[in-house]
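These notes concern the structure reproduced below.
The values are calculated or read from the model by the stated rules, or taken from the named source; none is laboratory data. Not measured: the values here are computed from a predicted model. Cβ placement follows ideal geometry from the backbone for every residue including glycine, while neighbour counts extend to all protein chains displayed. Remember, those area values only see protein heavy atoms, side chains included, never the ligands or the DNA or RNA. Shrake-Rupley method; radii C 1.70, N 1.55, O 1.52, S 1.80 Å.
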Amino acid sequence: DDSLSRNYEGAGLGLYISKCYIDLLGGKIWAENNPDKGAVFCFKIPLIKPNETEKKVPLLQAKIHFEPQKLKILVAEDDSITLKFISKILKIFGDNLLIARNGFEAVNLCKKNPDIDIILMDIQMPIMNGYEAIKRIREFNEDVIIITQSAFVFTDEAEKAIKVGGNGYISKPINKNQLIDHINKQVLASRHKSQAKTVS
């Protein structure tokens, strides 16, 4: 389902996620074409025997740099797994987290909570998609930071998100370090903009 208000679950990320897990385990994955039955995906991962526990598979460890600040954040996301993942990441910014399952709920929560600092807006949601939700929010709130997110990595989609009123764009699957870094940069830019308005 490629509509922006999807009726069916799934974002086509299964193979990508499988590859990430296999890479972390030190293995490899490849495809074998079968004209009669379609594509067949195979993978290999190393077997670590009990007496070889010292040969641990190296995991990717990245340093996370962030500013210790408390923010009020609204996450507009209809996928439960993605929502849980994002919620865990955002804990470093505090526990003041609001959840919307569609664009309509996101707009109403913004009206009731004018002190929201950041909105993470999924583009593809039921009832009201992210683009329409952003347009309606901008009618009564010009200052809140809106970061759009989508599994479709197309330049024109990112440009459209900015055009309707978004401040930034990130693609799915969400990268923890990139999300934190993007939020900090947006907050810093917003503060500089506010200071400039005050001076002028």
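Summary of values
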| read-out | value |
| --- | --- |
| Listed pairs LYS84/LYS193; LYS19/LYS88; LYS84/LYS163; LYS84/LYS111; LYS88/LYS193; LYS91/LYS185 exceeding 27 Å between Cα atoms | LYS84/LYS193; LYS84/LYS163; LYS88/LYS193 |
| Segment SER80-ASP36, extension gain: residue separation times 0.36 nm, minus the distance between their alpha carbons | 12.3 nm |
| Accessible area in square angstrom per residue, region 90-172, 1.4 angstrom probe | 48 Å² |
| Extension gain, ASN177 back to ILE29 (0.36 nm per residue minus Cα-Cα distance, nm) | 50.8 nm |
| For LEU98, residues with placed amide H under 5 Å, excluding near neighbours | ILE73, LEU74, VAL75 |
| Karplus 3J(HN,Hα) series, Hz, for region 33-40 with 6.51 cos²θ - 1.76 cosθ + 1.60 (x for Gly, Pro) | 7, 10, x, 8, 10, x, 7, 10 |
| For region 109-165, alpha-carbon Rg and Dmax in angstrom | 11.1, 33 |
| Protection proxy ranking, peptides 93-103, 181-191, 125-135, 17-27, average beta carbon neighbours within 10 Å, highest first | 125-135, 93-103, 181-191, 17-27 |
